[in-house]
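To start, the structure under review is shown below, and the notes come after it.
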Amino acid sequence: MYAVHHQIIKLSNHQITPVPKKAIITFIDFFYPPFKRWMPEKTFRYAACGGANTILGLALFKILLVYAFKFENVELGFYTLKPHNAALFVSFCVNFIVGFILMKYVVFVDSNLRGRIQLFRYLLSFLFNLTLNYFILKIFVEVFGWWPFLSQCLTTCIIVTISFLSQKYFSFRTRR
């Protein structure tokens, strides 16, 4: 087994925890050969990282909805959030951080945009996706009366496609 080298990731001028970049890439690439015929390596890495981040977000959404917010409204003093909206916003905050790190350092490593530009564009894309997710989830739960977790799963399927396109062609694009 090879030694895992940790790298300190810099976002602008701030350092955050070490991330085993090489280990993550090696792990993902190990599963790539059977898919090589149907998709490029970058698309596979996006699917793996995005899939893991999506599972993290859905798991966190479910845990927050059921155990933290207990299906009850969340009072913020100036506004009251429905439990599914509160779970959505908290899980999206975690997904923002994890997603950016994975996309920048594992998937779109060939992007030649500066890190702060990538972060800003990722934030814009992320906020658009969050807004879209909020309204679709609101319609599914509050208009159609569907169960919040099922609604979030369906909404996620829609958001994933939009997210990939916005990240590939906007947040992490490569200048020619």
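Odds and ends about this structure:
- Only one of I25, I63, I9 that is modelled with pLDDT of 95 or more and surrounded by 11 or more Cβ atoms within 10 Å (Cβ to Cβ): I63
- Of all residues in region 91-105 being of a type in the set (A, V, I, L, M, F, W, C) and crowded, with 20+ Cβ neighbours inside 10 Å, the one that is farthest from K42 (Cα to Cα): F100
- Residues (under 17 Å from the mean Cα position of the chain (by Cα), surrounded by 13 or more Cβ atoms within 10 Å (Cβ to Cβ) and over 14 Å from F61 (Cα atoms)) located in region 137-176: I158, I159, V160, I162, S163, F164, S166, Q167, K168, F170, S171, F172
- The residue of region 50-85 that is farthest from the chain's Cα centre (by Cα), among those that are of a type in the set (A, V, I, L, M) and more than 17 Å from T156 (Cβ to Cβ), is L76.
- Output for region 102-135, where each listed residue is under 13 Å from F170 (Cα atoms) and among the β-branched types (V, I, T): I117
- Within region 119-136, tally of residues that are over 16 Å from V90 (Cβ atoms) and surrounded by 15 or more Cβ atoms within 10 Å (Cβ to Cβ): 7
- Residues in region 40-60 that are without any contact (Cβ under 8 Å) to a residue 60 or more places away in the chain and of a type in the set (A, V, I, L, M, F, W, C): F44, A47, A48, C49, A52, I55, L56, A59, L60.
- For region 69-86, residues that are surrounded by 14 or more Cβ atoms within 10 Å (Cβ to Cβ) and either touching a strand residue (DSSP E or B) at 6+ places or on another chain (Cβ under 9 Å) or not in a helix (DSSP H, G or I) (or both) total 7.
The values are calculated or read from the model by the stated rules, or taken from the named source; none is laboratory data. Just so we're clear, the structure is a prediction, and the values are computed from it rather than from any experiment. Positions of Cβ are backbone-derived with ideal geometry, glycine not excepted, and every protein chain shown enters the neighbour counts.
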